[in-house]
1. For a quick check, take a GNM of the chain with Cα springs below 10 Å and name the residue from Pro113, Pro67, Pro80 with the largest mean-square fluctuation.
2. Taking only Cα atoms and a 10 Å spring cutoff, compute GNM fluctuations for the chain and point out the largest among Val190, Val15, Val57.
3. Please list, in order along region 164-171, the HN-Hα scalar couplings obtained from phi with the Karplus expression 6.51 cos²θ - 1.76 cosθ + 1.60 (θ = phi - 60°), rounded to whole Hz, x for Gly and Pro.
4. In nm, give the distance between the simple-model label positions of Leu121 and Asn60, each being 7 Å from the Cα along the Cα-to-Cβ direction.
5. What net charge is computed for the residues neighbouring Leu74, neighbours being all others with C-beta under 12 Å from the C-beta of Leu74, Lys and Arg scored +1, Asp and Glu -1?
6. Which peptide among 92-105, 162-175 comes first, and what is the full order, when sorted by highest mean count of other Cβ atoms within 10 Å?
7. If eta is 1.567 mPa s and T is 4 °C, what Stokes-Einstein diffusion coefficient results for the chain, Kirkwood Rh from Cα pairs, in µm²/s?
8. Tell me the net charge near Gly36. Cut-off is 13 Å between Cβ atoms, Gly36 excluded, with +1 for each Lys or Arg and -1 for each Asp or Glu.
Amino acid sequence: MSRDSSLRPAARTSVVILAGGHSRRLGRDKSLLPVGGEPLLARTVHRLAPLSDDVIVVTNDAHRYKPLDLPVRLVPDDQPGVGSLMGVYSGLRAARHPLALTVGCDMPFLNVPLLHYMLSLAPGYDVVIPRVEGLMEPLHAVYRETCLGPMERLLEAGRRQIIAFFGQVRVRHVEEDEVDRFDPQRLSFVNVNTPEDWAEVQAILEDRGL
């Protein structure tokens with residue numbers, strides 16, 4: 001798919017990459033796992049950097065990533081230890097632009113044309129999010145700054161589920177047929193949480209040469 005001129009104003013889109021997980025089930029820091037010759041976080045940054053002039057990595061361990069010398073801003077959670085909703089909130093609050101394309105750092109097969117498409121749907125909506133097999137993908141979504149208030153109220157109430165505020169905002173679901181136009185194998189949503197997940201990533205890399 002060619003890059004549509006309507007998607008080029010990426011200067012109005014920040015990119016937020018969450019790198020706050022503890023990788024307990026994996027037993028090692030997944031953000032630094034080698035994928036295609038570079039750490040997974042670096043792979044994610046390099047893939048998404050062309051989409052924005054404002055790339056943010058949300059992390060409470062900035063010292064781990066400074067040696068990578070990535071073209072990013074390292075931003076801590078406003079309140080550490082609260083979970084992914086706090087990470088999304090902190091990244092969106094730090095964003096320089098009204099929209100924030102938000103992903104986890106552990107998604108090695110992000111599909112840039114699909115992300116471009118999602119950004120093209122953002123006008124008129126507060127959230128653009130894939131819905132695959134009946135499940136939403138909140139760490140592969142676009143959030144508008146208008147989500148900050150609902151997110152903050154949710155956090156103040158002690159609730160941590162990201163999608164719990166969706167009833168208060170305008171949500172555009174990207175359905176399976178739309179996802180499949182760009183990513184028919186749905187590799188975009190492969191992430192790394194366990195040794196089995198990591199083995200699957202290695203198998204995909206070997207099989208497809210990605």
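1. Maximum fluctuation in the GNM of the chain, among the listed residues, is at Pro67.
2. Val190
3. Computed from phi, the couplings for region 164-171 are 5, 9, 4, x, 9, 9, 8, 10 Hz.
4. With each label point 7 Å from Cα toward Cβ, the separation is 3.3 nm.
5. 0
6. So the order, starting with the most tightly packed, is 92-105, 162-175.
7. Calculated translational D: 75 µm²/s.
8. Every neighbour counted, the sum reads +1.
Rule-based calculations on the coordinates, nothing more; no lab input. Since the model is a prediction, treat every value here as computed from it, not as a measurement. A quick note on method: Cβ atoms are made from the backbone with ideal geometry, for glycine too, and the neighbour counts reach across all protein chains shown.
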